[in-house]
Amino acid sequence: MKKDKVDSIEKRKRKKTQKSLLRLLILMLIAAFCVFLYMNRENWISGVENKIESIRQNDGVLAEGNFPLKVADDSDYQLQVLDDKLALLSNSYLYLYSVQGENADTRQITYTRPVIKTKGDYALCFEHGGTNFRVDRTDDLVYERDADDLIITGAVSNSGYTALVTESNTYSCSIYVYDNNGKKIYTRNCVERVNELSFDNDSKGCIFVELNSEKGEVSSVLQRIRFEQKEGIWETPAISTLCIETSFTEDGRICVIGDNMCAYYNKKGQLESMYTYTGTLLSYHVNNGQAAVLIRSDETRETNLVLLDGSAEDPVIVTANQSASYVRVGDEEAYLMSGDNIVSYSFSGNAVATVSLDNAYERFVKQGDYLFLMSYNKIDRVNFDE
């Protein structure tokens, strides 16, 4: 018994010694790590500073001279990029400005509810709920026409082709397509309501979206047509969303933005990928198939920017400021406006550049290295280098 008791005491001593040695070893490792960090402090501090400096900080100083541009006759104006100019549409006039704020031209447009759509060097202006429409370029008016029925919506291609969706006495609506000289080249009567259309990259066809409603549920069907053919090329099965914008990618696929999802289709109209979101859709934009969607969760109150780089398979989600309200896509980046700044993001989710805002603005457009900031009745300009 005495021998067993002695062995037990020895074992406890060995264990105690081992624990002491282990603690000593851990303390030595921690001390060595601290020394390593201290010796390399300049490197890791420099690394953090470089990461911060990699986000370009613009000064936010408002341009002077011709700015701000004043909008005297209409607070509900529209601003679009038209080639190398800015096209400002009010209730009475179409103003063309250089990026320096110089008035290049003023053209009278007396539409009751005017809408402007631009693509490249072409601008389509039409009277929503009326019959008047016109196509302009930076140098002059191309043509002006009267539609056969009241205009619902329209689109223009970068070749100057124009498509109008109008009311109809015998159908739900009609589609009329005009070439770049204003000659009508295509007519289609639709049994379902059409709310969106986009031209093919070659302007020889388009896709359009028909809306269906059953038991209070809205669904959308995409149809693709070519203007030299009477029959459609294809149509998709209905998807449970209210489609609000479409866009062709550079390789001819189609991006669809809906009120609760984003989807991509291949050239044959087959669904490639889909991303469904929940919450309130605050803002969205799509350009050449690159899409940015700003969503606020009704449950968590969190605001997220969803970035889709030509596919909905692997969306990049960026947590946004609670005051984020408006997003645009261009130059391979997404530009997000919050209450006090605008930040550009690559489609991998990395912040690229930012600018602070001192005043409250509602929207903006980007042209070159400038942001044009839109408020109630004026437009300011700030530099935005990246």
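The values are calculated or read from the model by the stated rules, or taken from the named source; none is laboratory data. Please read all numbers here as calculations on a predicted model, not as lab measurements. Glycine gets a Cβ as well: all are built from the backbone with ideal geometry, and neighbour counts include every protein chain shown. Heavy atoms of the whole protein, side chains included, go into the accessibility calculation; ligands, DNA and RNA do not. Shrake-Rupley method; radii C 1.70, N 1.55, O 1.52, S 1.80 Å.
Here is how the numbers come out for the structure above:
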{"read-out": "Integer Hz, Karplus 6.51/-1.76/1.60 couplings in order for the stretch 285-290, x for Gly and Pro", "value": "6, 9, 9, 6, x, 8"}
{"read-out": "Part-to-part distance (alpha-carbon centres) for the stretch 218-258 and the stretch 93-158, which is given in Å", "value": "25 Å"}
{"read-out": "Per-bin percent of Cα-Cα distances, the stretch 116-159 [5 Å]", "value": "6, 25, 32, 22, 12, 3"}
{"read-out": "Among (i) 142; (ii) 222; (iii) 181, the entry derived from the coordinates for volume of the Cα convex hull per residue in Å³", "value": "(ii)"}
{"read-out": "Crossing angle, helix 41-53 versus the chain [Cα axis fit, 0-90 degrees, rounded to tens]", "value": "10 degrees"}
{"read-out": "Burial ranking of peptide ranges 127-137, 176-186 (average Cβ count within 10 Å, highest at the top)", "value": "127-137, 176-186"}
{"read-out": "Ranked packing of 208-217, 147-156, most packed first, by mean Cβ within 10 Å", "value": "147-156, 208-217"}
{"read-out": "Cross-link table Lys117/Lys184; Lys70/Lys366; Lys230/Lys267; Lys267/Lys366; Lys215/Lys267, entries beyond 25 Å C-alpha to C-alpha", "value": "Lys267/Lys366; Lys215/Lys267"}
{"read-out": "1.4 Å probe accessible area per residue over the chain, in Å²", "value": "53 Å²"}
{"read-out": "Shape of the stretch 309-360, Cα gyration tensor, a/c cut at 1.5", "value": "prolate"}
{"read-out": "Solvent-accessible area, 1.4 Å probe, carbon plus sulfur percent, for the stretch 278-384", "value": "38 percent"}
{"read-out": "Amide H partners (placed H, <5 Å) of Cys173, local residues excluded", "value": "Cys190"}
{"read-out": "Fraction in percent of alpha-carbon pairs per bin - 5 Å, the stretch 139-293", "value": "2, 9, 18, 21, 21, 15, 9, 4, 1, 0, 0"}
{"read-out": "Mean Cβ neighbour count within 10 Å, used as a protection proxy, ranking 193-204, 359-370 highest first", "value": "193-204, 359-370"}
